[in-house]
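**Student:** There's a structure below that I have some questions on.
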Ligand SMILES: Nc1ncnc2c1ncn2[C@@H]1O[C@H](COP(=O)(O)OP(=O)(O)OP(=O)(O)O)[C@@H](O)[C@H]1O
């Protein structure tokens, strides 16, 4: 044994040989492995005779010379770590040498390894290398470790098929010359002097990066590795970046595919918090906004407002026009409030932006300073607020009260985020989306205003897609969608939609309002059903393509099979409810069996509601309910009413619109109407009763028509009169500043 003199002898070798097997040529049986650890060996020249060795392990000795390896052509694995070798690869290359560990030696210069074509794993940690070279032709090298050397620059690795590279504990200041390492998956650059992640951006297969104990200080540096979608593990421990506020959440947000950061698993809660903090979904921001205003409101003296719910099922009526900036919603809101001033008053929001040329305080907005705006928040004066393009916008309760006090519905315009916030409140407005379908036209319109910068225009134009997406993905979010490329057409459509919401019929070119209620009983439900189907059936298609014309007629042949199809339990329940209502009406118990549903206005279907609930008429709340003694419709006009509804295919009901309009003049959902139609003879019998005037609700044609001024106050079925506005739309000065 060479314990004393450090010389390896045949006797020692015979002790440490193992793995008897076939030689590489397959002609002999030989011992393939030799492993001699910790024996203070200095001289292993005896191994020149062991030419069949395939694996040689001589770690933790004092070996300086490894030339014996030149005689082992079949050697595959060599471990000579923890020795005193100074000569880099001082042996002739065994042609199948795949794995070499020469760590913890005293080598300082790397020489050309191009003849080691099979070399796959090379470990050279704890040596004295100051430069990487000689590896250019190592076409099989997948793992290279040069930890704890004196390397100050990454070089000499071009196009190597490396998957795992360790350069830990060197003097590297910059990540460079790595662009061609396209196969790299694991990179250890810890304990260096690196100050930026720049240089990693092209290493698409990276899954783990260790940069512990470097000089990285900027969170924004994470953006360099943001596109590395396979990156799961990142270690930035002991970098100055750790001191940045919310460092961990910020990095988790920027690198959302990470699963381990700084050796700690990233929890789902952390991911959600990060997203909520840095890119809050609209709902989260809306919830926060709502919470803020609720809390501040509750801190004030509680009073009853005109806009407080008149009753549980009759919310104060409001109309919200939404759409991207400058799509025309403000103009349309003003026009509407002038045109239908017996119904609507414009609700001016507060804003911190300065007035544009011609804008008057109180007319379009109340222009306030940032400090005043914040003060209003703290005084609990806002229903909702939002920041848009650096300015605050807020809807004050007083703005709504202004309209409510006059007995008018409040007409507002706001961005999508504002709508999400409104949906958290107990107000139940109708939401009409005004959507530019031609982006070029829309961009031109923005530019023509000469008010916006190019980035602002880009933001606004891009938001068209957001609106379209929300309308497509969240059925029921908007009650109606109206293309607004042509504002004149858009207004006509909007007016029609509103007439439907109001349950009003337009006469005389849309300038008079006929408040008479059509009598669907005498005109026949079947026909109404077809019209309803025509209006609502294409909803799914419309959501995808809102520019397409809507069919206003539905082929009865197509509908009929649906009528006779098997009923579900929901449909049966619906039939039962309808029968019940009709019976009650006939015996005079329920005055609302006909007029009540007629006056029902579809409720904005909150997207969170299950569709079953949305469809159930029991959940539909009127926007502008009438008094139970509201006028009845002249039967002779029913067909024009139907036609008007049918032609309102110009407007594009969103899914909620579908539901809402589905709850048509009879207050029935499509399902109910369908079922009702399917009732066949029994229904006809009931209808005959009604036609013959047996219902207590039936009034004589002509005797019921009211003037607009005599229509019902919106939001209340207790107050029958909607007070007229003497001088048209209110001027800014005429109402107190909220
Ligand atoms: N309280 C609010 N909540 C949410 N959005 C609001 C609110 N008030 C106004 N907005 C919206 O903020 C956006 C910016 O309004 P602003 O009036 O400054 O822009 P504009 O260029 O005049 O566009 P527009 O003609 O659409 O009003 C508009 O889309 C407007 O509808």
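The values are calculated or read from the model by the stated rules, or taken from the named source; none is laboratory data. Predicted model only: the values in this text are computed from it and were never measured. Every residue, glycine as well, gets a Cβ built from its backbone with ideal geometry; the counts of neighbours run over all protein chains shown.
**Student:** Under the condition of being buried (at least 24 other Cβ atoms within 10 Å of the Cβ) and near the ligand (Cβ under 10 Å from one of its atoms), which residue from region 312-327 is nearest to residue 461 (Cα to Cα)?
**Tutor:** 324
**Student:** I'd like to check something: does region 89-99 contain any residue that is touching a strand residue (DSSP E or B) at 6+ places or on another chain (Cβ under 7 Å), within 21 Å of residue 170 (Cα to Cα) and outside any loop (DSSP other than H, G, I, E, B)?
**Tutor:** Looking for residues that are touching a strand residue (DSSP E or B) at 6+ places or on another chain (Cβ under 7 Å), within 21 Å of residue 170 (Cα to Cα) and outside any loop (DSSP other than H, G, I, E, B), one finds none in region 89-99, hence no.
**Student:** Can you name the number of the only condition in (1) within 16 Å of the ligand (Cβ to nearest atom); (2) touching a helix residue (DSSP H, G or I) at 6+ places or on another chain (Cβ under 8 Å) that residue 453 fails?
**Tutor:** (2)
**Student:** While we're looking at this one, here's another question. Pick out the one residue from 18, 70, 25, 14 that is without any contact (Cβ under 8 Å) to a residue 60 or more places away in the chain and assigned to a loop (DSSP other than H, G, I, E, B).
**Tutor:** From the options 18, 70, 25, 14, the qualifying one is 25.
**Student:** I've got another one for you. Mind checking which pairs have a first residue in region 185-196 that is within 12 Å of residue 167 (Cβ to Cβ) and a second that is surrounded by fewer than 18 Cβ atoms within 10 Å (Cβ to Cβ) and modelled with pLDDT under 95, Cβ under 7 Å, 6 or more apart or different chains?
**Tutor:** Matching pairs, first to second residue: none at all.
**Student:** Another question, if that's okay. Please specify each residue of region 453-472 satisfying the condition of being over 13 Å from the mean Cα position of the chain (by Cα) and surrounded by fewer than 13 Cβ atoms within 10 Å (Cβ to Cβ).
**Tutor:** 453, 454, 455, 462
**Student:** Okay, next question. So which of 159, 140 ends up being in a loop (DSSP other than H, G, I, E, B) and touching a residue at least 40 places away in the same chain (Cβ under 8 Å)?
**Tutor:** Result: 140 is the single residue among 159, 140 that is in a loop (DSSP other than H, G, I, E, B) and touching a residue at least 40 places away in the same chain (Cβ under 8 Å).
**Student:** Being away from the ligand (no atom under 15 Å from the Cβ), over 23 Å from residue 356 (Cα atoms) and assigned by TED's automatic domain parsing to the domain that holds residue 356 narrows it down to one residue among 403, 409; which is it?
**Tutor:** 409
**Student:** Now a separate question. Give me the residue from region 356-386 that is modelled with pLDDT under 95 and more than 9 Å from the ligand (Cβ to nearest atom) and, out of that set, surrounded by the most Cβ atoms within 10 Å (Cβ to Cβ).
**Tutor:** Going through the qualifying residues, I end up with 362.
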